[in-house]
Amino acid sequence: MRTRRLRSPATVTVALAVLLVASALVAVSIGVAGLTPAQVWDVVAMHLGLNPGTQPSDTTDAIVWGIRLPRVLTAALVGAGLATAGVVMQGVTRNPLADPYLLGLSSGASLGAVAVLLLGVGSAIAATVALPLAAFVGALVALVAALGVARLAGAITPTTAVLAGLAMSQLFAATTSLVIVVSAKGDSYREVLSWLLGSLAGSSWSTVTVAAVALVLLYPALRAYASRLDAFALGESAAAALGIPVRRTYVVLFVLVAALTGAMVSTSGAIGFVGLVLPHVVRAVTGGLHRHVMPAAALGGAVFLVWADTLARTVLDPRELPVGVITALIGVPVFVVVLWRSGRSSWS
């Protein structure tokens, strides 16, 4: 897709970083117990060892530090991770419609995570390690299966990649449903189904840790491949002519994206369309170079999911919507616009 740069990438990145901090403070303050951003900052400052303007009460501290802040931070980290994965998938496959959800990675990760949730692995500490590991394996298996099916039709084109990804997504989703029906007992049935629709209601400092560690380790690794992703936009032959080991780069990027997606899905469930929407929005502002798109998309994804989750927990208060419902309601129209703008020539 042809893009043009409207703003300095550095300006966009700084503006999004400021917007993310402001969004997090405001989002934490929103809820049944209304707080001000200043009260939120006082709690954060107290825990960071700084001097708060006003000493917060125990109730305010419990609401902010124990409930809302872990949830908002998890939303920001997951949004950043999924948006980064979307940028890389679209660059690797040269497909504007590629994202972890559409290519089946999220469904595969969900199957792995649900298996751990329902079968159990003993202690909570073991579950904290096993959940993202199982989600990573599930995402990797789904990706290999989708690319394998696409390869059966010959060269992997945008059309075959999307169709194979959709088929694998449905297969893994059906298998997940089967596992739930066979294994779930009592209220775990509803809990797992809610989680599969994407939910940040169970966020804690443990989920913040898992998502943060994954993002800190994997984002720089993916960012290091930005120039190679630019070369892939010219085609495999051109990339190889530039001295890039194409197949090895594909394998490394696919494994890194599967690990990132698996970690994010293990903390929040399957949240679709973040990896599809944000890269396109950011490219319209920064241009198409991946060294500019990746940081802006990560920050934009963080801001987007913070507000999507805030909307999900407040729009039908006291009931709560799965955040995946909100992202789908926004993502589907964008998907249609992208499909329309791609034109028939992009599908051959």
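With only Cα atoms counted, the stretch 239-281 has Rg and Dmax values of 14.1, 41 Å. Packing, taken as the mean count of other beta carbons within 10 Å per residue, orders the peptides 284-290, 137-143 from highest to lowest as 137-143, 284-290. The listed peptides 90-103, 28-41, ordered by packing as a protection proxy, come out as 90-103, 28-41 (highest mean of other Cβ atoms within 10 Å first).
Peptides 253-262, 50-59, 233-242 ordered by packing proxy, namely the average of other Cβ atoms within 10 Å per residue, highest first: 253-262, 233-242, 50-59.
What is the diffusion coefficient of the chain in µm²/s, taking the Kirkwood radius over Cα pairs and the Stokes-Einstein relation at 20 °C with a viscosity of 1.002 mPa s?
My calculation gives 104 µm²/s for D.
For the pair the stretch 17-77 / the stretch 91-119, the C-alpha centres are spaced 32 Å from each other.
Across the stretch 232-346, Cα-Cα pairs farther apart than 24 Å form 41% of the total. Normalised per residue, the accessible area of the chain is 46 Å², obtained with a 1.4 Å probe and no contribution from ligands, DNA or RNA.
For n ≥ 4 DSSP H runs only, could you compute -39500 (n - 2.57) per run for the chain, divide by its residues and tell me the 222 nm figure to the nearest 500? Don't jump to the answer; show the numbers that get you there.
Details: 15 runs with 253 residues, N = 348.
About -24500 deg cm²/dmol.
Applying a length cut-off of 20 Å (Cα extent along the axis) and a mean Kyte-Doolittle floor of 1.0 to the DSSP H helices of the chain leaves 9-29, 69-93, 105-119, 124-152, 158-183, 205-223, 246-268, 323-342. Note on the stretch 62-154: Cα-only Rg and Dmax are 16.2, 57 Å.
The values are calculated or read from the model by the stated rules, or taken from the named source; none is laboratory data. Every value quoted in this text rests on a predicted model; they were computed, and no experiment measured them. Every residue, glycine among them, receives a Cβ derived from its backbone with ideal geometry; neighbour counts consider all protein chains shown. In case anyone asks, the SASA skips ligands and DNA or RNA and just uses the protein heavy atoms, side chains included. Shrake-Rupley method; radii C 1.70, N 1.55, O 1.52, S 1.80 Å.
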